[in-house]
Amino acid sequence: MTTELERAYDRCQSIARQHARNFYYAFRTLPSKKRRAIYATYAYCRACDDIADEQMPLEEKRRLFAETRERLEASRNGRVGDPVFLAVADAARAFSIPADYFEEVIQGVEMDLVQSRYRTWKDLRDYCYKVASVVGLICIEIFEYSDPRAHDYAVDLGLAMQLTNILRDVKEDAERGRIYIPLDDMATFGYSESELERGVVNDSFKRLMAFETDRARRYFESGKRLIPLLSSESR
């Protein structure tokens, strides 16, 4: 007979298959226990992203994030009805994933509710860490590793991937009133917010993008050192 926990993991797997087919198939070769935990992690992060992206009043989003935190706490104490949180709680216990990681994911997506500009790379790095690197830290606990350097490399790989997303979506984000590229960097290369919003591609823009691309490459170079440190069945 299928248990409530098994149904919860099945629900998370269904969410991954429906919304992220590349992600879903990429992890099909993992051992069952790890695969289920990864799908639970995706379903949780997806739920957080959906709140931030949904067209609804700001106060309603804040209410839903508060509710998410309550569900996280309830799941840690064995009081949970939502299948995603049931699966996440079980995965966190099975792989000793720090509870703070799941809270930081919420903090990261919440930043998009109130912040549309970042003055420095340090400011943007904090955002990238919470929305991407923390997810990597959750994943490596599931993948398993023995060398503590894996932690730093997972952080760097997350920074690289999120910065790549930002550079890919720079035009789309600007059209929505969001500029993730650090304003100090833009000033250094003589490129203005208004030019970015108008889609101006000039020498200043090209130098700016080359600078940010080089930053992402450096983080990728560091992040790729993670792979040999993971358990062989997870690589």
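All but one of (1) more than 14 Å from the chain's Cα centre (by Cα); (2) closer than 25 Å to S146 by Cβ hold for R69; state the number of the condition that does not hold.
Of everything listed in (1) more than 14 Å from the chain's Cα centre (by Cα); (2) closer than 25 Å to S146 by Cβ, R69 misses just condition (2).
I want to confirm something. Restricting to the stretch 145-191 and keeping residues that are open to solvent by 40 Å² or more (accessible area, probe 1.4 Å), among the polar types (S, T, N, Q) and free of Cβ contacts under 8 Å to residues at least 60 places away in the same chain, which single residue is nearest to F211 (Cα to Cα)?
By that ranking, first place goes to T188.
Can you list the helices (runs of 4 or more DSSP H) found entirely within the stretch 1-112 that contain at least 1 residues being closer than 21 Å to G136 by Cα, open to solvent by 80 Å² or more (accessible area, probe 1.4 Å) and modelled with pLDDT of 90 or more?
Once the helices (runs of 4 or more DSSP H) in the stretch 1-112 are filtered for at least 1 residues that are closer than 21 Å to G136 by Cα, open to solvent by 80 Å² or more (accessible area, probe 1.4 Å) and modelled with pLDDT of 90 or more, what remains is 4-19, 21-26, 32-53, 83-95.
When you scan the stretch 36-52, how many residues do you find that are of a type in the set (A, V, I, L, M) and closer than 10 Å to A16 by Cα?
3
Quick one: how many residues across the stretch 190-235 are of a type in the set (G, A, S) and touching a strand residue (DSSP E or B) at 6+ places or on another chain (Cβ under 6 Å)?
0
Answer yes or no as to whether E193 is among the charged types (D, E, K, R), under 24 Å from G108 (Cβ atoms), out of contact with any Asp or Glu (no Cβ under 9 Å at 6 or more places or on another chain) and modelled with pLDDT of 95 or more.
Judged against the criteria, E193 is a match.
Would you tally the residues in the stretch 113-124 being open to solvent by less than 50 Å² (accessible area, probe 1.4 Å) and farther than 22 Å from E67 by Cβ?
Counting residues in the stretch 113-124 that are open to solvent by less than 50 Å² (accessible area, probe 1.4 Å) and farther than 22 Å from E67 by Cβ gives 5.
The values are calculated or read from the model by the stated rules, or taken from the named source; none is laboratory data. Predicted model only: the values in this text are computed from it and were never measured. Positions of Cβ are backbone-derived with ideal geometry, glycine not excepted, and every protein chain shown enters the neighbour counts. In case anyone asks, the SASA skips ligands and DNA or RNA and just uses the protein heavy atoms, side chains included. Shrake-Rupley method; radii C 1.70, N 1.55, O 1.52, S 1.80 Å.
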